[in-house]
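Structure record follows, encoded as structure tokens.
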Amino acid sequence: MRRPAIGSHYDPDDGDTIQDRARIVNDLARPAPAAPPMVARDWALFLDLDGTLLDIAARPDLVQAPRGLARCLTGLADALSGRLAVVSGRRVEVIERLLAPYRPAAAGLHGAEYRMHPGGALERVPAPSGLIEARRRFRAMAMRLPGTLLEDKGLCLALHFRTAPDLAGKVGAAVERFRRRLPPAFEVIGAKMAYELRPRGLHKGLALQRFMALAGWRGARPVFVGDDRTDEDGFACARALGGIAIGVGTEPAGACFRLADPASVRDWLARSLTNFAEDR
Ligand SMILES: [Mg+2]
């Protein structure tokens, strides 16, 4: 079903069913999500990548950063005395390639890889035992689901079905069977049109805590911006430290404020940077 973006035009003659129209009217009747305040100098800003900073594409390898984003992030990181980190399920090297020439502090693979300082050493948590067998079985499951796309990130594997949304039920059932036989050292978490195998206990909240323990970050107000279930641990940890959770779209629970989509996130960041420049 077509869901209207916030502020988009709804044409009642474009083929929706009566039920679709009723749902669309309900969507439009909901109170608009509160927009967040502008970024403040005492913040430590944690930004998810896909679906938050960058628009989601049909396949993860087709995602691109829009012009001007690297410059905006560089300016914001300066204004925040370096307290800006990208926290993603992607590998750190992929985060860096997508955001080049901006060099972020970053946590990748849900907190399994870290670049604590831009240009610093890449740190990796050790792989749990049983990884090879868990990977083999996840890959075998993907092979039995033609139309899905397997993204191999080493320590984590993601199974995408964005290009075949009609497979959602079949993929969900296969993942459920896989989960029942998964060793406790691993978990499968649902993301947007994807499921991800990862070592249990890794999550974006841990990444936030690790940055917040650094000199220069300690005492700042953590603000986490994210768009799906894998960001909810980041939200919870930010709020537990007196910070703010900002959801993108409607999905992640526990948000204090919401922005409609990645374009709105980029616009909010750009306007915050302009505010900083005018304050100087
Ligand atoms: Mg995301």
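If the segment from Ala263 to Leu150 were pulled out straight at 0.36 nm per residue, it would be longer than the present Cα-Cα gap by 38.0 nm.
Per 0.36 nm of contour for each residue apart, how much would the distance between Ala277 and Asp42 grow if the chain were fully extended, relative to their Cα-Cα spacing? Let's see the in-between values first.
Working: separation 235, 0.36 × 235 = 84.60 nm, distance 1.56 nm.
Taking 0.36 nm per residue and subtracting the Cα distance, the gain is 83.0 nm.
Residues of segment 187-207 with backbone nitrogen within less than 14 Å of a virtual label 7 Å along the Cα-to-Cβ line of Ala240, please, listed as ranges. 201-207, by backbone N distance to the label point.
Take the Cα of Ala58, step 7 Å toward its Cβ, do the same at Thr250, and the gap between the two points is 2.6 nm.
Here's the list of aspartates and glutamates a cross-link from Lys153 could span, going by alpha-carbon distance under 18 Å and ignoring same-chain residues fewer than 8 apart: Asp48, Asp50, Asp61, Glu93, Glu96, Glu113, Glu123, Glu133, Glu187, Glu196.
Return the FRET efficiency for the residue pair Asp78, Gln209: r is the Cβ-Cβ distance, R0 is 35 Å, and the value is rounded to the nearest 0.05. Mind showing how you got there, number by number?
Values: r = 24 Å, r/R0 = 0.69.
Efficiency at R0 = 35 Å is approximately 0.90.
A simple count of charges around Ala100, restricted to other residues whose Cβ falls under 13 Å of its Cβ and scoring Lys, Arg +1 and Asp, Glu -1, yields +2.
Values in this text are rule-based calculations from the coordinates and carry no lab data. All of these numbers come straight from a predicted model, not from anything done at the bench. Positions of Cβ are backbone-derived with ideal geometry, glycine not excepted, and every protein chain shown enters the neighbour counts.
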